[in-house]
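To start, the structure under review is shown below, and the notes come after it.
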Amino acid sequence: MNQKRVLVTGGAGFIGSHLCEKLLEQGHDVVCLDNLFTGQKDNIRHLMNNPYFEFVRQDVLEDIYIECDQIYNLACPASPIHYQYDPIKTGKTSVMGALHTLGLAKRCHARIVQASTSEIYGDPEVHPQPESYRGCVNPNGMRSCYDEGKRMAETLFFDYHRQHGVDIKVIRIFNTYGPRMRSDDGRVVSNFIVQALSGKDITIYGNGQQTRSFCYVDDLVDGMIRMMNSRDGFTGPVNLGNPGEFTMLQLAELIIQITGSHSQIVYLPLPQDDPTQRKPVIELAKKELDWEPTIPLEEGLKKTIAYFKKTLNYA
Ligand code: NAD
Ligand code: UDP
């Protein structure tokens, strides 16, 4: 096989740790660079004894000097409570992280994949969202540090491509879930599962009619690697997500049913700028990457619930 030296920024996080694991399985030489803000050593502990895996504790705000053939740039807190904890830092992480990884890709002639997001579309007026939709984003609200940071990162990626010929690939990830999500990161899937397992109230924000499309992490990682290996000149942006669309009320009811929980549903105020609907058009990913998700929500939730049961010691 053709072994590559692969740098994964944000590799100790939820998605990054699954990506590192898969790349090692495929025989690559992987460097995980992470400042452990939301990532955890426990996510990569099982990889530490592999001679082809290295962990570098570093912030992407600092210059990166690592020789590599491929880069996946994932470093950025992704859950609203974490990216809003220090919004100025979040903006810097997206922008400076893009500049540093793009500079590295330019020097090393490495191919680079940017983990962009469906938040690029903001609170979308076009439904479902194709890549051609330019979005409806508040530039100065609570979510802007993340949304606008990721939008600027996309701009930098395309400018480095046009100006310096850097071999870029941009993926727009829709809500992804699975084992190694943090129990305390406030995202809806982890919140509802932990609440259901502990018998606490299930907290729906707003009336629960807002929708999201949930992709299981294994499907996403498969799509990310396909994007890295896609044909020369295909830059994206390409949506990666599961087009199944669910209201938050449906999600709560499904999790209650699978766990057999006696938790009650309670309704709390909707956070500012919370998108009302979200569902990817994935025709481009099907055509260019021969990719589509294979794991239905119920199956993915069962695996995720099993993970939380084990790690949080629920019977
Ligand atoms: P995560 O918070 O688990 O992972 C992010 C990782 O980046 C963490 O390990 C964190 O410690 C690290 N990090 C944060 N700031 C850093 C910095 N300044 N320097 C170095 N490392 C830093 O989140 P995730 O869900 O695994 O998301 C990974 C990437 O995918 C993010 O870029 C996110 O924006 C993107 N994404 C995720 C989703 C999703 O649903 N999970 C959706 C869209 C986009
Ligand atoms: N949400 C909810 N209860 C929770 C956590 C989240 O109803 O305990 C809602 C949230 O308001 C949003 C949706 O679930 O409408 C998805 O939230 P998440 O933070 O997981 O992702 P994002 O909003 O970034 O898509």
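Note on the chain: Rg/Rh from Cα positions, Kirkwood definition for Rh, rounded to two decimals, is 0.95. Straight-distance candidates among the aspartates and glutamates for linking to Lys200, with alpha-carbon spacing under 19 Å and chain neighbours fewer than 8 residues away dropped: Asp184, Asp185, Glu253. The calculated P(r) of region 239-295, using every Cα pair and 10 Å bins from 0, goes 18, 34, 30, 15, 2 in percent. Against the longest principal axis of the chain, how steep is helix 87-108, in degrees 0 to 90 to the nearest 10, with axes from Cα atoms? Approximately 30 degrees, to the nearest ten. Applying the Karplus relation 6.51 cos²θ - 1.76 cosθ + 1.60 with θ = phi - 60° to region 73-78 yields 3J(HN,Hα) values of 9, 10, 5, 3, x, 10 Hz, where x marks Gly and Pro. Among Asn229, Asn43, Asn175, whose mean-square fluctuation peaks in a Gaussian network model of the chain (Cα, cutoff 10 Å)? Checking each option, the largest mean-square fluctuation is seen for Asn229. Among the listed pairs Lys106/Lys150; Lys106/Lys287; Lys286/Lys309; Lys4/Lys287; Lys41/Lys150; Lys4/Lys279, which have their C-alpha atoms separated by more than 30 angstrom in this model? Cα-Cα > 30 Å for Lys286/Lys309; Lys4/Lys279; rest within.
In order along region 154-159, phi translates into HN-Hα couplings of 4, 4, 4, 4, 6, 5 Hz, rounded to whole numbers, per the Karplus curve 6.51 cos²θ - 1.76 cosθ + 1.60 with θ = phi - 60° and x for Gly and Pro. Here the gap between Asn207 and Lys89, fully extended at 0.36 nm per residue and compared with their Cα-Cα distance, gives a gain of 39.3 nm.
When the chain is treated as a Gaussian network with alpha carbon springs shorter than 10 Å, the biggest mean-square fluctuation among His262, His82, His100 belongs to His262. Partners of Lys302 within straight-line reach, counting lysines whose Cα lies under 16 Å from its Cα and excluding those fewer than 8 residues away in the same chain: Lys310. Here r is the Cβ-Cβ distance between Gln264 and Thr294 and R0 is 41 Å; the resulting FRET efficiency, rounded to 0.05, is 0.75.
Any read-out appearing in this document is the output of simple, stated calculations on the displayed coordinates, not a laboratory observation. From a predicted model like this one, the values you see are computed outputs, not experimental measurements. FYI the Cβ positions are ideal-geometry reconstructions off the backbone, even for glycines, and counts take in every protein chain you see.
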